[in-house]
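Engineer: One structure, as C-alpha cells, below. Some questions next.
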2 protein chains.
Amino acid sequence: MSGAGPVDPAALAARAALLADRTRATFCLALIDGRAWTAGELARHAGVAPSTASVHLDRLVRAGLLVTERQGRHRYLRLAGPEVARTVETLAGGAGPAPVPPGLRASRAASRLAAARTCYDHLAGALGVTLFDGLVADGLLTTTDGLALTPPGRAWFTALAGPDPLPRTGRPVVRACLDWTERRHHLAGAAGAVLCRALFAHGWVERGRDRRSVRITEAGRAALPDRLTVALPS
Amino acid sequence: MSGAGPVDPAALAARAALLADRTRATFCLALIDGRAWTAGELARHAGVAPSTASVHLDRLVRAGLLVTERQGRHRYLRLAGPEVARTVETLAGGAGPAPVPPGLRASRAASRLAAARTCYDHLAGALGVTLFDGLVADGLLTTTDGLALTPPGRAWFTALAGPDPLPRTGRPVVRACLDWTERRHHLAGAAGAVLCRALFAHGWVERGRDRRSVRITEAGRAALPDRLTVALPS
DNA sequence: GGGCGAATTCGCTGCCCGGCGAAACGTTCG
DNA sequence: CGAACGTTTCGCCGGGCAGCGAATTCGCCC
C-alpha cells in the first residue's frame, strides 16, 4: 500500500508472488465479491489445514491485500479494497470487467432481499447491506480512514428524517456492523437507527410475519431509488 | 491466451507465478515500452547468466506473455501485446496509466526523430516506427492475425499516391521489418516503398547529409498530421 | 469453572525451482 | 574454412516455501 516506485522489479515480483500460490489464489478469488469469510471457511474452501490457511492469510494481511476483523472467536477476512479486486481480476481473467460497474455490486443481493431484518434498532440483512453500499456509492458515507458521515450525507439524513436528526449524544453517529448473513457491513450507530425509523415512518418498509423480519413495501420500492443509488429486486 | 474460465485459482496462480520471479519481472518491466530486446541484453540487464535468461524467456514465450522474432543470430523479444503491458503495469504500480493513451506511445520517438533513414526502399528509424504506429492507430493497418492493410488503409494509400498505388505483384504488400535502432517494427513491403516514395515526392521528407539519412521538412511537419495520427518533434 | 471449538504457533519434511557452468548448435565475419 | 559470438540444452546444487500434525491460546457457552 505504499506509494510504490514506478518500476521496481523486486516489488513487482513480491506482489505477484502473493497470488502465485494456488491456495492464496483460491482465497482471493473467493473474496473477490467483497464479502467477508472466516479463516476456517477459507481453509475448508481451499482444501488445506487450518494451520496452513492461517499462515497464508497472515501473509496476505501483512501485504495489505486483505483486512481482518475479529468478531467473537471468529476472524473475518475481506479484500482490502476495490483496487485489490481489480488487480486480482486483471490477472485472473484476460479482459477485466469495466473498471467500476456504476450500479454497484448489488446484483447479488437482489435474490435475497427477503432476508431483510432488523438488528437491534437498525436494518440488517441484504437490505441493510444494500443501503450501506448505496450510501457509500453516493458519497454520503466515506470509508476511507474509518467510517464517517460526509456533509452531503448529513444533509441527506436531514432531508429524510427532519431537522437535526442526529443530535450529539454519547453514541457514535455511524458505525459499521458486520452482517452475519451477508458477511458484509451494514450501517449501525445513531444514523443506522435514524435510517431504520425513517424507513418505517415513511411506510417504505414494514414488519414481516415473524419478529425481526422486514420487507420492502411498494411505496418503498418506488421511493427509495429516488433517494439513493440502490438496486432493488424487480 | 486461451479464453480462460472466469475463476480458476490454478490459472490465476500460474499467471502470477510468471511475474513472481525477480528476473522475469525485470524482463517484463524492461520490455514494457513495447521495444524488442535481444536475449543477451535482457540477461545482462537482469544480471543473470545467458543460460538462465534463456530458460526464463522460454517460459514467458510459452505462456504467451512474450513473442519472439529471430533475426540472424539474434533473438528479439517483445511483449505480446498491450494487454500484457497493462497487466504488468497494474501489478507493478499502484495506479496504472490511462488504459489506452490515445496518442500512442510515440512520445519517446520525439527526441530521436533525427535518426530517420531509409532501409532499402522504405523508411526506417524513429520516423519509420512512428509512421507504422500511426497507421496502426488509425486503423489503416491491422496487426491482429498477421499484418494486413485494411480497406480504409488501401483508400489512404490511394489518396496519398494516386490511383492503384499497390499493383498486385509477387511482392508482399505489407511486411513488418524489425528496426534495429528502435527495436520496433516499421513498414516494409510494397506499401512501405510507396509510402517512402510518396513522402519524398510531396517534399515532406528529404535526404540528409550522408546517404540513407533522412529528415522531415517543414512542409512535411505541417502536412503529415493531417493525414495520420503521429506525434512529430516540436 | 469446565469443556468445546476456532484460530494460531511451532517444528519438521519434502519438493519445486532458480541459479550456474560446460558443452552443443547455428550464424556471421574474416 | 575457421574463429568468434549469440543462444540453447543439460546436469547439478542450494534455498525457499507450502504442507501437515501437535501443542497452545483465546473466547464462548453450558
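Engineer: If you count only protein heavy atoms with a 1.4 Å probe, what accessible area per residue comes out for the stretch B:9-92, rounded to a whole Å²? Walk me through the intermediate numbers first.
Structural biologist: Working: 3720 Å² over 84 residues.
Each residue of the stretch B:9-92 exposes 44 Å² on average to a 1.4 Å probe.
Engineer: Another question about this same structure. Since chains B and A are linked by a rotation, which residue in B has the beta carbon closest to its axis, and how far is it in Å?
Structural biologist: B:ALA20, 2
Engineer: How far is the Cα center of the stretch A:3-62 from the Cα center of the stretch B:18-51, in Å?
Structural biologist: 26
Engineer: Here's another thing I want to ask about it. Under a 5 Å amide H to amide H cut-off, with H placed in plane at 1.01 Å, what residues pair with B:HIS122 once short-range neighbours are removed?
Structural biologist: For B:HIS122, no residues qualify.
Engineer: Further question: May I ask you to evaluate 6.51 cos²θ - 1.76 cosθ + 1.60, the Karplus curve with θ = phi - 60°, for each residue of the stretch B:71-79 and list the ³J(HN,Hα) values in order in whole Hz, giving x for glycine and proline?
Structural biologist: Each residue's phi maps through the Karplus curve to give 8, x, 8, 9, 10, 8, 10, 9, 5 Hz.
Engineer: Using a 1.4 Å probe, how large is the accessible area of B:ASP8, given in Å² and rounded to the nearest 10?
Structural biologist: Spelled out: B:ASP8, probe radius 1.4 Å, area about 70 Å².
Engineer: Here's another thing I want to ask about it. In sequence order, what are the phi-derived ³J(HN,Hα) couplings for the stretch A:20-31 according to the Karplus relation 6.51 cos²θ - 1.76 cosθ + 1.60 with θ = phi - 60°, rounded to whole Hz, with x for glycine and proline?
Structural biologist: 8, 10, 4, 5, 5, 4, 4, 4, 5, 5, 5, 8
Engineer: If you take the charge dipole of the stretch A:9-92 about its Cα centre, with +1 on Lys and Arg Cβ and -1 on Asp and Glu Cβ, which of A:GLY47, A:HIS74, A:ALA30 is farthest toward its positive end?
Structural biologist: In the stretch A:9-92, that residue is A:HIS74.
Engineer: So, one more: With the contact rule set at Cα under 8 Å and sequence spacing of 6 or more, what percent relative contact order holds for the stretch A:9-92? Don't skip to the end; give the middle numbers.
Structural biologist: On the way: 81 pairs, mean separation 23.8, N = 84.
It comes to 28 percent, rounded to a whole number.
Engineer: Using a 1.4 angstrom probe on protein heavy atoms only, which residues from the stretch B:25-47 are buried by at least 10 Å² of accessible area when all chains are present rather than their own chain alone?
Structural biologist: Listed by number, the residues meeting the 10 Å² cut-off are B:ALA25, B:THR26, B:LEU29.
Engineer: Using a/c under 1.5 as the rounded threshold, could you call the stretch A:9-92 rounded, prolate or oblate? The axes a ≥ b ≥ c are square roots of the C-alpha gyration tensor eigenvalues, and prolate needs a/b larger than b/c, oblate otherwise. If you can, show how the numbers build up before the last one.
Structural biologist: Values: a/c = 1.68, a/b = 1.43, b/c = 1.17.
Here the stretch A:9-92 falls in the prolate category.
Engineer: Give me the number: length gained by fully extending A:LEU160 to A:ARG73, i.e. 0.36 nm times residue separation minus the C-alpha to C-alpha distance, one decimal in nm. Please report the intermediate quantities before stating the final value.
Structural biologist: On the way: separation 87, 0.36 × 87 = 31.32 nm, distance 3.77 nm.
Full-extension gain reported as 27.6 nm.
The values are calculated or read from the model by the stated rules, or taken from the named source; none is laboratory data. The model shown is predicted, which means the values in this text are computed figures rather than measured ones. Because the Cβ atoms are built from the backbone with ideal geometry, glycine has one as well, and the counts that use them run over all protein chains shown. With ligands, DNA and RNA removed, areas are computed over all heavy atoms of the protein, side chains included. Shrake-Rupley method; radii C 1.70, N 1.55, O 1.52, S 1.80 Å.
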